[in-house]
Amino acid sequence: MSAKDNAPKFSIKTGSPEKLKSDCIAVGVFEDGRLSATARVLDKATGGRITAILKSGDMDGSASSTLLLRELPGIAAVRVLLVGLGKQGGLAEKDYRDAIASAVKAASNTAARDVILALGEVKVGKRTTDWNLSQAAIVAGDVLYRFDHMKSKPDTRARLGSIGFLADSTAAAGLKQGVAMVRGMALARDLGNMPSNVCTPSYLAGQARQLARSYGFKCKVMDKTACEKLGMGSFLSVAKGSDKPPMFIELRHEGGKKGEQPVVLVGKAITFDAGGISLKPPADMDEMNYDMSGGGAVLGAFRAIGELGLKLNVVGLVPACENLPDAHANKPGDIVTSMSGQTIEILNTDAEGRLILCDALTYAERFKPAAVVDLATLTGACVIALGHHPSALYANDDKLAQALEQAADQAWDRVWRMPLWDEYQEQLKSNLADMANIGGRAGGSITAACFLARFAKRYAWAHLDIAGTAYRGGRDKKGSTGRPVPLLVQYLIDQAGK
Ligand code: BES
Ligand code: MN
Ligand code: ZN
């Protein structure tokens, strides 16, 4: 079973819209019956058919409504899809994304195999056309993503396999970045959606090796013995309760100048989190295969890095193991020694993410990083605090935090900064060891970040708690989102351009 690449093809289309041959062309219309620029061109070519249809009241142009028309005279495309854009005058980012999503959904519900989206011409807030196109690619990639690796019969419905954007060719750079993000997201999503009996630590290591082969990265996978030699007592303590061997994955992309300090990405990859001896309750435990989403995002970001050939040095670190209850598992009250030498009293074995990340953060020191960014589905408390829209951002360096906030806004993969105040550190006190691994119920996402901060003092560091954003839960919506791959890729693009 491997993560196939079945993302649609994206391209830029230039020329007169009425003459472009395609199965479908999607154009925007506004609530007051006004037409977007391309809709006006089509209207003229058809002798006013679109205006007449709007007048008839069949469509009111309200946000994200759609109307499918077929075989209009004077139009080379088989179908014309009218897409409602709401009130004229500056769409908000969310409205634009919703309109793209409805257009792609409506087109994919027909037999059309390709669609040209002429929606990138609308003004969205203060965004550029490049932004419009890369966002459209991300949204289209999201809508068209399918995961049928685990079905006995693959989905045979007609697939919308190619998406064209009506734009001039100068927008190619923006689109290329969006497409790389889509491909990176698709890998992160496939890995997330694979159940834990398929996506094991060894499976992730295999995926990393495959990426290295495809894109020329360096790849090193450390097994239990190698991690023991490094003194990763905290990481290995979590792995002990499972018979699946732990893997510490290291990927290196050397696209920058020799000797230039790398950006290090660290991703939590618990391929299944049952909680260990502090066993989780049964409800929603099935979703804990997504507890490797941080690691999956690192691998996804590396696919995008490879696609773009980024001129930057980047290291990816993915500590991978399972957290299960077993005779060998950590027990509440156990004390372990981390690679940093600091000792940890494990008061709750379900707070395991920080136990594997702390050793990875210590290991990261050897790369003399320009910055370290870790990603983890770390706490349920993060979901309570922020819900499912932003990832929580923590940082010990304001410049790094601002760079990530900017990239998050640009990629529309948003974050919200949280405090890392010393006051919270007191909640991690232990009478017996250097620290406890939990800080109580109050501010649970914050105290988890404070724990990590103790291992990240030697470099600029940021932590993203992605528990609320990396996947959707619930039986009918269950699935990985591919976040925060767009944010990471945007951040790396920005760093490479400096
Ligand atoms: N992987 C979980 C966090 C999580 C919970 C992610 C729900 C997504 C949805 C993590 O390992 C965990 O179990 N955290 C505990 C920490 C607690 C014991 C201090 C939690 O959040 O309950
Ligand atoms: Mn846990
Ligand atoms: Zn976990």
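Structural remarks
- Here each label is just a point 7 Å from Cα along the line to Cβ, and for A158 and S16 those points are 2.7 nm apart.
- For F165, distant residues with modelled amide H under 5 Å away: S11, I12, K13, L117
- Amide H contacts of F272 (H built 1.01 Å from N, in plane; Pro and chain starts excluded): N323 sit under 5 Å, all sequence-distant by 5 or more or on other chains.
- Per-residue [θ]222 nm for the chain (sum of -39500 (n - 2.57) over DSSP H runs n ≥ 4, rounded to 500): -11000 deg cm²/dmol
- Global geometry of the stretch 181-496, whether rounded, prolate or oblate, following the gyration tensor of its Cα atoms and the 1.5 cut on a/c: rounded
- Förster-model FRET efficiency, 30 Å R0, R441 and D398, C-beta, rounded to 0.05: 0.55
- In this structure K151 has an accessible area near 140 Å², from a 1.4 Å probe over the protein heavy atoms.
- Rounded to the nearest Hz, the phi-derived 3J(HN,Hα) couplings of the stretch 178-185 under the Karplus curve 6.51 cos²θ - 1.76 cosθ + 1.60 (θ = phi - 60°) are x, 5, 4, 5, 4, 5, x, 5, where x marks glycine and proline.
- From phi via Karplus (6.51, -1.76, 1.60), per-residue ³J(HN,Hα) for the stretch 381-390 in Hz, x at Gly/Pro: 4, 5, 5, 5, 6, 10, x, 10, 8, x
- Per DSSP, loop chymotrypsin sites (Phe, Trp or Tyr not before Pro) in the stretch 383-416 with at most 16 further Cβ within 10 Å: none
- Beta bridges by DSSP in the stretch 212-319, antiparallel share as percent, to the nearest 5: 75
- Accessible surface, the stretch 199-358, averaged per residue in Å² (probe 1.4 Å): 36
- Full extension of the segment from K498 to Q342, taken as 0.36 nm per residue of separation minus the current Cα-Cα distance, would add 52.5 nm.
- Percent carbon-and-sulfur accessible area, the chain, ignoring ligands, DNA and RNA, probe 1.4 Å: 50
- Nonlocal amide H pairs with S278, under 5 Å, H built at 1.01 Å: T349, D350
- The modelled label-to-label distance between S202 and K123, using points 7 Å beyond Cα along the C-beta direction, is 5.9 nm.
- Take every Cα pair under 8 Å whose residues are at least 6 apart in sequence, average their separation, divide by the length of the chain, and the relative contact order is 14 percent.
- Each peptide in 66-77, 293-304 gets a packing score, the mean of other Cβ atoms within 10 Å over its residues, and the list from highest to lowest is 293-304, 66-77.
- Shape category assigned to the stretch 367-498 from the gyration tensor of Cα positions, a/c cut at 1.5: oblate
- Gain upon complete extension [R366, N109; 0.36 nm per residue less C-alpha separation]: 87.4 nm
- Applied to the stretch 329-340, the Karplus parametrisation 6.51 cos²θ - 1.76 cosθ + 1.60 on θ = phi - 60° returns per-residue 3J(HN,Hα) values of 5, 3, 10, x, x, 4, 10, 10, 10, 7, 4, 6 Hz, with x for Gly and Pro.
- Charge dipole (debye, nearest 20) of the chain; +1 at Cβ of Lys and Arg, -1 at Cβ of Asp and Glu: 1480
The values are calculated or read from the model by the stated rules, or taken from the named source; none is laboratory data. These numbers were taken from a predicted model, which means no experiment stands behind them. Glycine also receives a Cβ, built like all others from the backbone with ideal geometry; neighbour counts cover every protein chain displayed. Calculation scope for accessible area: heavy atoms of the full protein, side chains included, ligands and nucleic acids excluded. Shrake-Rupley method; radii C 1.70, N 1.55, O 1.52, S 1.80 Å.
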